[in-house]
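*Asks:* Before anything else, here's the structure in question.
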Amino acid sequence: MKKQAENESVWDYPRPAICEPFRGSLRVIHRDVVVARTTRGYRTLETSHPPSYYFPADDVDMSLLVENGHRTFCEWKGVAGYYNLALAAHKVQNVAWTYTRPAPSFQAIRHFLSFYASKVDACFVNDEQVSAQEGDFYGGWITANIRGPFKGGPGTGAW
């Protein structure tokens, strides 16, 4: 396993994207409920994007998630399916995504789930609360050691 660098520029990340094991802890919380927690995560890295983190389904409270039929396509990973979060009467659309049949170089995250930090109350990498990548398509998590500029904000679609 590769250790996460002290400081990383997203402009040093590769293109095409890669997937690597993450050494550390990951957590997703919404309305004081732990939705996901793992020390067995992966992260994907692509030029200009903060990392997206993936949780094994066994480390996600799947009773809180409902598949919704929404699909998107990633040129590197393949077709993603989406989940809504349902906490009592509170629902969050498209809070997480998964790849059930990813491209060969992303088989490690098959059936793993990744969450939009912008759609839940808090996401953590090694107990550091992350900031969400801008935009409603990319799901990167920004920590203090990740440097941009980042793709996702207005006017960055053609980078």
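*Asks:* Hey, rough spin-label estimate for His90 and Ile18, points 7 angstrom out along Cα→Cβ, what's it come to in nanometres?
*Replies:* The modelled label-to-label distance comes out at 3.8 nm.
*Asks:* Give me the number: length gained by fully extending Thr39 to His70, i.e. 0.36 nm times residue separation minus the C-alpha to C-alpha distance, one decimal in nm.
*Replies:* The span from Thr39 to His70 would gain 8.4 nm if fully extended.
*Asks:* Add +1 for every Lys or Arg and -1 for every Asp or Glu among the other residues with Cβ under 9 Å from the Cβ of Ser52, and state the total.
*Replies:* On the way: positive: Arg43; negative: Glu46.
In short, 0.
*Asks:* Calculate the FRET efficiency for Ser63 and Asn145 from the Cβ-Cβ distance with a Förster distance of 30 Å, rounded to the nearest 0.05.
*Replies:* Calculated value: 0.35.
*Asks:* Filter the trypsin sites (Lys or Arg not before Pro) in region 25-88 to those in DSSP coil with at most 15 other Cβ atoms within 10 Å of their Cβ, and list the result.
*Replies:* Answer by residue number: Arg31, Arg40.
*Asks:* If the chain between Ser118 and Thr100 were fully stretched, how many nm would it gain, using 0.36 nm times the residue separation less the Cα-Cα distance?
*Replies:* Gain on stretching Ser118 to Thr100: 4.1 nm.
*Asks:* A follow-up question, please. Taking the Cα centre of the chain as the origin, how large is its charge dipole in debye, to the nearest 20, when only Lys and Arg (+1) and Asp and Glu (-1) carry charge on their Cβ atoms?
*Replies:* 320
*Asks:* Here is a follow-up. Which longest run of the chain has no exposed loop site in it, a site being GluC sites (Glu not before Pro) in a DSSP loop with at most 15 other beta carbons within 10 Å, and the site itself not part of the run?
*Replies:* 76-159
*Asks:* Let me ask something additional. With a sphere of radius 13 Å drawn around the Cβ of Arg147, what net charge do the other residues whose Cβ falls strictly inside it have (Lys, Arg +1; Asp, Glu -1)?
*Replies:* After counting each charged neighbour, the total is -3.
*Asks:* Provide the net charge surrounding Ala117, with neighbours chosen by a C-beta distance below 14 Å and charges set as Lys +1, Arg +1, Asp -1, Glu -1.
*Replies:* -1
*Asks:* Another one. Principal axis extents for region 1-128, Cα atoms only, whole Å, descending order, please.
*Replies:* 43, 31, 24
Values in this text are rule-based calculations from the coordinates and carry no lab data. Computed from a predicted structure; not experimentally measured. Please note: Cβ atoms are built from the backbone with ideal geometry, for glycine as well, and neighbour counts cover all protein chains shown.
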